[in-house]
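Reading through the structure tokens given below for one structure.
Every number here is computed from the coordinates shown, using simple stated rules; none is lab data. Fair warning: this is a prediction, and the values are worked out from it, not measured in the lab. Virtual Cβ from ideal backbone geometry, glycine too; neighbours counted across all protein chains shown.
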Amino acid sequence: MLFVVATVFLHLQIPHEETPAKKLRLSKPSKSAALHIDLCKATNSTDALQYLLQFARKPVEAESVEGVVRILLEHYYKETDNSVRLKIASLLGLLSKTQGFSPDCIVDDAINTLSNEKSHQVLAQLLETLLIIGTQLPESPALRLRLVEVAYKHLSDTYFGVRNKCLQLLGCLGMVDAPLGKENEGAGTSLGGLRDVQSIISDYFGDQDPRVRTAALKAMLQLHERGMKIHQIIYDQACRLLTDDYEQVRSAAVQMVWVLSQLYPESIVPIPSSNEEIRLVDDAFGKISHMVSDGSWMVRVQAAKTLGSMLQVSPHFLEQTLDKKLMSDLRRKRTAHERAKELFASGEFSSGRKWADDAPKEKLDTNTVNLIASGACGAFVHGLEDEMFEVRIAAVEALCQLARSSPSFAEKCLDFLVDMFNDEIEEVRLQSIHVLREISTHITLREDQLDTVLAVLEDSSRDIREALHELLCYTNVSTKECIQLALLELLKNLNKYPTDRNSVWKCLKFLGSRHPTLVLPLVPELLSTHPYFDTPEPDMDDPAYIAVLVLVFNAAKSCPTMPALFSDHTFRHYAYLRDSLSHLVPPLRLPGRKQVYGLDSVDSGPGSGSVESAQLFLQQSLNRVSTIQNLEAPGAQDLLDLTTRDLLRLGELQTELAGAADFCATYLRCQLLLMKALQEKLWNMAVPLCLKQNVTATAAAQQILEETYKLEFLYSGLESRQVATIHHVRLQAKALQLVLTARTRQGLDLLIGSCEKFLQDVESFQRLFLTELPHLQDSFVDKLLELMPRLSSCKPVELVKILQTTLRQSGLLQLRLPEQIHRATATIIEPTGESDNPLRFTSGLVVALDIDATLEHVQDPQNTVKVQVLYPDGQSHVIHPKPGDFRKPGPHRHRLITQVYLSHTAWTEPSQIEVRLLLAYSSSSTSLTSPSKLGWSESLESLPPAEAAVEGTIPFSKAVKVFIMPKPARR
Amino acid sequence: MPEIKVTPLGAGQDVGRSCILVSIGGKNIMLDCGMHMGYNDDRRFPDFSYITQNGRLTDFLDCLIISHFHLDHCGALPYMSEMVGYDGPIYMTHPTKAICPILLEDFRKITVDKKGETNFFTSQMIKDCMKKVIPLNLHQTVQVDDELEIKAYYAGHVLGAAMVHIKVGSESVVYTGDYNMTPDRHLGAAWIDKCRPDILISESTYATTIRDSKRCRERDFLKKVHESIERGGKVLIPVFALGRAQELCILLETFWERMNLKAPIYFSTGLTEKANHYYKLFITWTNQKIRKTFVQRNMFEFKHIKAFDRSYADNPGPMVVFATPGMLHAGQSLQIFKKWAGNEKNMVIMPGYCVQGTIGHKILNGQRKLEMEGRATLDVKLQVEYMSFSAHADAKGIMQLIRMAEPRNMLLVHGEAVKMEFLKGKIEQEFSIDCYMPANGETTTVTTNPSVPVDISLNLLKREMALGGPLPDPKKPRTMHGTLIMKENSLKLVSSEQALKELGLNEHQLRFTCHVQLQDPHSDADTLHRIYTHLKSVLKGYTIQHLPDGTVIVESIVIKVSSSAEDSNTKVLLLSWSYQVKTWTLFLEAAALPGVTTKLSSRHP
């Protein structure tokens, strides 16, 4: 642990010390000297150890490392105490990791220390140091060779730690490119040059210490990772280790066998106890499958995970993993005759599902049934039933991977995945639903399977239900009964959980568009039309009826014969739904329906063309507005008014541009308000006479201010240009406020204060938007800045006068649209606000209200989104949801599922409270100061005191009313 | 050869009355002490007179181990300890110790109070018996006496069920009790380490069954209950109070919770509540899910499951009722069954085994008209379903356990003979180990091959290790030199020097000598020198010394030269070597000396 801390410290310190370069050089000799003195001073080993420990906490510069190493080594040879030598050895390793230091100069010394070392622990530590040095110098084959030789020499040590490290060294540094033999012959090592790294490492697969066996396997895996081709001979040895007594060995062996199966999938290996042969990958698959019923769950997880990536396995073997009964078939190929017999024989096992079906029958050839799974048999059946959910999840994931590459297997594993929908751990259920969705392109659900899938729709967990809806969106079904079944269950779901409305509708949309031909025969029944009689017109507001219509309309899209079956009201409902739920109902070509057709043609091409034309329209509107030179120009107000209205409508029609259109409209409304406020006659009237108008102007100024905050914080994708424009408007509003203050209030002190504050605002504006100033020519602020020297020295009254004229004369600042601009929106799905049953609770206690909302385009919702509860008496609570309450189902989309606690004193009768979502903002965290910097308290202090941060909240969802009734507590 | 003897007093080729005697390493151990549900006479308890006719059992048994609380494993306990008389230690796990007396008391009440039997054990006897119990923890090695140690492993099956590993010296036996290799809703799977016992005594209830995935079973069960409830029908589930009932409760409880169902679930009360209390307490014995979530909510604190009252059976609307007993032969479950049997909307689900003759057995076999007492007949219109929720290992599970433990011999108990026979064949074929299936009273003897531990001095070991090459290949035996000392029941391997020292003997050296004659005209010293130089050139890498006293020493071989009395040209070479280097000398003789001789002779033809 210490090492890690120290290295981190090193890295942090180095850049800091770079600047005072001279100082560093001065301290260099002193550092090593200090250590030297310390070590000399140390009278006993405990002291020395203490010094070393202290030393390890301090960083060492790259230049002085070598000196320090020399001193340490010098002391090393003198030291008799093992622990001190151990510490020195570890320090050597630590030091050679120093950035900018090349450890090749200390290699010789480090190797020399090994020769006289008696303590095994120290030896192991020294080897570790060599390993570090070796990995630091990857470009030196000669050095590697030397280190590898050292490792060979110590491989026969009696201490497991030393052997471990040697194997690690071999694994990390052993020659990849060529067998070691050739180079080695010259060197003439005692172990003989003919053996290569792999065979030496594999000798230790049989070591007496399990830790060494693990290390040997790991070293071999390391070699593989470094690109050496592992010999196939290793396979048998690795397989033997699968039955080791120790779990870490088995776990590593599973990996090893897997690696080999990927390297030599097609080689043929013999089957023991028979003269037949199978592919290696199949054999390995069988063996790893076996490990899924291992005694240690770590190994089981490892095995289950590994199985998922063995895609080359033969389908025959793959399918066995889902079977518990066919057992010996795996090992030997049989004649068809034998197989038939076996099929018969397998009947002697009872399944436990029928009473007394295990009653003894006539004796059959029991030899054909092999009880123990000597192969892949039932691996997944076991894995999916495992006690530990980790194993189950791993098995589900492996199933997914295998099923994706093999459609036939996907078909087979369906039943098992569906069974997992009933797992006791929600995570597993969810995972298996997701997996089924992923492989659902391969499969068509049968009716009975669909039935079990649909049963989960009643689950009380929203996540599960929604995952299932998602799954149904991608599912293929085979018969019209399936469609009917699905619809029925979905309607049941809708009935039970009305909040699932949107999700269910969406699900039906896909179901309809996927299976038009299956829906067709159902249409009369679904719409309850009758050949002779008119049936009553269904209620258009019924979510279930809408659901049916969504299914039918989506199917009708690719089935032109369907509309012929519609009755009159269906067409009317279509027109209505097409308008109100345009994302769920596709455009249809309905023959002979003019009004529908006409509406159709307007929206019919929701392709890129219409977006472009809308964009063009937006741009044109803006251009038109920009022709307004002066705020007082005649007709300007009307133009602004009209444009604002156009833009708002455009936003409604074209959802892609809603953000941009809204943004522009709001901006223009600000301008309009400003314009109106300035055009009031009040400016010419005497102060006492215009109190009333003054009020409207003040309100306008206030409103503009609020709108600017909305503009700044509610929209994402703003560039600094837009931010500057917004701030500009805000400045204008502030100027207006100032002017109004000057007119109404008489107190001079107050006025002086406000003036100063305003001037500060102007300055900070200038500071913040220095780069943007060129774009703001001829604007209010531009003019102000010109007059700045005069302003700062003049009297408040004069300042007000100047402001007033400047405000009125300054032109309209043209708005430039950014590429992508989105408005943050929030929709509260739950509570719906439709309930008439009040939530009753005892006053003084709390009641929990479930809130479910979707948020779009909200950045960092964990910190900004809050829930506001407004009581009828005007009391308001703001609740900050926990970060865990936010989920992220898609890009730019968040989901808030939380609970808020309500409480109040007793009421006499139920009443409504309002719940809405707020977006909190703080002007100090604007885009100009990066949030990461704010984290450092020092940097905050160093900044000049910014303008007082304005903090506030913007309501950005519709308020939902909830009926509650706090009852008086019973005594 | 040492032997382990196993004699089942009950459960030999039979289900019920588990009681097995094991003699191992001179210790006698009794495993389980159960009763047979099918009998009401003496046959219900094991025949303790097999052990001793008139002496006390305590003198013959070293300990008694109870695997779990089912009555067929512990029902005869008070009878044995209090009425027959046994004062030795009784071992069981904590949950078993807690729940066992409840069941015994219930059993006593039914037998004595309801059936009116006399000469049965009393409540006080149950209490006294429980006082002798020593609780066990999982994986805790308990030393019964100096030689006998036992260790418990998790067995699944029911709360607190354990497998025991019994060990005397290097001989060991594992007794599984009842166990389950697939986890269920409230318990985990059985687990044992690779302990390689001499005998594995395993239950074999489901020797010929390979069960479907438990998920299928659960899903079917839930689906059936759910459908019936949706139809507005009533569902009766006859259960025994403990074990499966809790699993099914959890299953239904979580299903109700997940699916937001409102129909009531009732559980007929009685001993269940007491037992449920223990289920709540022994959370460590349950499965992963319950262990992990009990902090938020203990799964055994049921929200939807309420206590049943007799009057509820007539309530309208759907409901689910768990009622005892499980085979519909008496009690509440039968009463409810009679009430509900007439309506085809209702359903009865039998979750387990039914003994022949019970109503449960009859309806499962498709009987639709039942004769009740008093000649009344009952039309069975309700649906009858069978779901095996039994928590015994199936054939595959048994094989899996064998693979885990790697025993040297296998012994099957607690199953039907025909089925055992099948499994026995499988085991012998698959693992090539011997498998036994003794009947009650039949003794199986297994000879063991225990390893004999020998102490070895560390120095000797190190010395010998240094001699033999590099370390790998631990499997290959290696010979070493040493002296085995047997002294006072202990074995010691020491170096020969130390052995001599300990025995107070002097070391004797054995030397071999031989004379070789050769012709050489040189003087003695010269000849010796020539031999010396020759040897030096031939035997590189060995220490060869020419000592001033006229000898040449090659390693430990001494060579001397003297002229023969008759002919000064004939030299006699004296070679002397110790016992250890015998082969060496032969080599010298064979290779070096002929060389010398020929050389010497060639110079002087």
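Give me the inter-chain shielding for A:380-393: mean count of other chain Cβ atoms within 10 Å, whole number please.
Averaged over the peptide's residues, the number is 4.
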By how many nm would the segment from A:Q615 to A:Q820 lengthen if fully extended, with 0.36 nm per residue of separation less the alpha-carbon distance? 72.6 nm
When N is the residue count of the protein assembly as shown, what does its C-alpha Rg come to as a fraction of 2.2 N^0.38 Å? 1.26
Would you please give the FRET efficiency between B:K274 and B:V295, computed as 1/(1 + (r/R0)^6) with r the Cβ-Cβ distance and R0 = 25 Å, to the nearest 0.05? 0.55
To the nearest 0.05, how large is the calculated FRET efficiency for B:E416 and B:K306 if R₀ is 56 Å and r is the Cβ-Cβ distance? 0.90
Stretchable slack from B:S556 to B:R231, in nm (0.36 nm times residue separation minus alpha-carbon distance): 106.8 nm
If you take every residue apart from A:Q484 with its C-beta less than 11 Å away from the C-beta of A:Q484, what net charge results, scoring Lys and Arg +1 and Asp and Glu -1? -3
Alpha-carbon Debye profile of region A:764-812, log10 I(q)/I(0) at 0.17, 0.32 Å⁻¹: -0.52, -1.19
Considering the dipole of the protein assembly as shown built from charges on the beta carbon (Lys and Arg +1, Asp and Glu -1) around the Cα centre, which of B:H165, A:L648, A:V69 is farthest to its positive end? A:L648
Projected onto their principal axes, the Cα atoms of region A:711-829 stretch, largest extent first, over whole-Å spans of 51, 38, 23
Please work out the Cα convex hull volume for chain B and give it in Å³ per residue. 233
Which GluC sites (Glu not before Pro) does region B:475-540 hold that lie in a coil by DSSP with at most 16 other beta carbons within 10 Å? B:E488, B:E507
Taking a cut-off of 20 Å between Cα atoms, list the aspartates and glutamates near B:K345, but don't count ones fewer than 8 places away on the same chain. B:D220, B:E227, B:E230, B:D314, B:D379, B:E385
XL table A:K78/A:K165; A:K480/B:K234; B:K97/B:K306; A:K412/B:K223; B:K151/B:K424; Cα-Cα > 30 Å flagged, in table order, is A:K480/B:K234
Tell me the label-point distance for the pair B:K224, B:Q367, using the 7 Å Cα-to-Cβ offset, in nm and rounded to one decimal. 1.9
Take the Cα gyration tensor of region B:51-159, multiply each eigenvalue by 5, square-root it, and list the three semi-axes largest first, rounded to whole angstrom. 25, 19, 10
Run the paramagnetic zone check for A:R624: 7 angstrom along Cα to Cβ, then residues of region A:807-835 with backbone nitrogen under 19 Å. A:812-817
Determine one quarter of the surface area of the Cα convex hull of region B:1-106, which equals its mean projected area, and express it in nm² to one decimal. 7.1
Inter-label distance for B:T443 and A:S156, nm, one decimal - labels placed 7 Å from Cα along Cα-to-Cβ: 5.4
Using a Förster distance of 51 Å, how high is the FRET efficiency between B:S170 and A:E74, based on the Cβ-Cβ distance and rounded to 0.05? 0.40
Backbone N within region A:236-252 under 18 Å of label point (7 Å from A:E277 Cα along the Cβ vector): A:236-237
Let me know the mean shielding of B:286-298 by other chains, meaning the per-residue number of their Cβ atoms within 10 Å of its Cβ. 2
Which aspartates and glutamates have a Cα less than 19 Å from the Cα of A:K795, not counting those fewer than 8 places away in the same chain? A:D749, A:E756, A:D761, A:E763, A:E786
Cα-projected label distance for A:L642 with B:S564, points at 7 Å along beta-carbon direction, nm: 14.8
Order of A:W505, A:W907 - criterion: other Cβ atoms within 10 Å of each residue's Cβ, fewest first: A:W907, A:W505
Counting as exposed only trypsin sites (Lys or Arg not before Pro) in DSSP loop states with no more than 12 other Cβ atoms inside 10 Å, the longest exposed-site-free span of chain B is B:116-261
Tell me which chymotrypsin sites (Phe, Trp or Tyr not before Pro) from region A:403-432 have a DSSP coil assignment and no more than 10 other beta carbons within 10 Å of their own. none
Virtual paramagnetic centre 7 Å along Cα→Cβ of A:S558, amide N under 11 Å, in region A:512-549: A:512-518
What trypsin sites (Lys or Arg not before Pro) does region A:114-160 have in DSSP loop regions with at most 15 other beta carbons within 10 Å? A:K118
Averaged across the residues of B:203-215, what count of C-beta atoms belonging to other chains lies within 10 Å of each residue's C-beta? 6
If region A:715-761 were replaced by its equivalent ellipsoid, with semi-axes equal to the square roots of 5 times the Cα gyration tensor eigenvalues, what would those be, largest first, whole Å? 29, 10, 6
The protein assembly as shown - mean residue ellipticity at 222 nm from DSSP helices (-39,500 (n - 2.57) per run, n ≥ 4, rounded to 500): -14500 deg cm²/dmol
Shape box of region B:196-288 [Cα atoms, principal axes, largest first, Å]: 56, 32, 25
The extension gain from B:L574 to B:Y39, computed as 0.36 nm times the residue separation minus the Cα-Cα distance, is 183.3 nm
Please state the relative contact order of region B:481-532 as a whole percent: Cα pairs under 8 Å, 6+ residues apart? 19
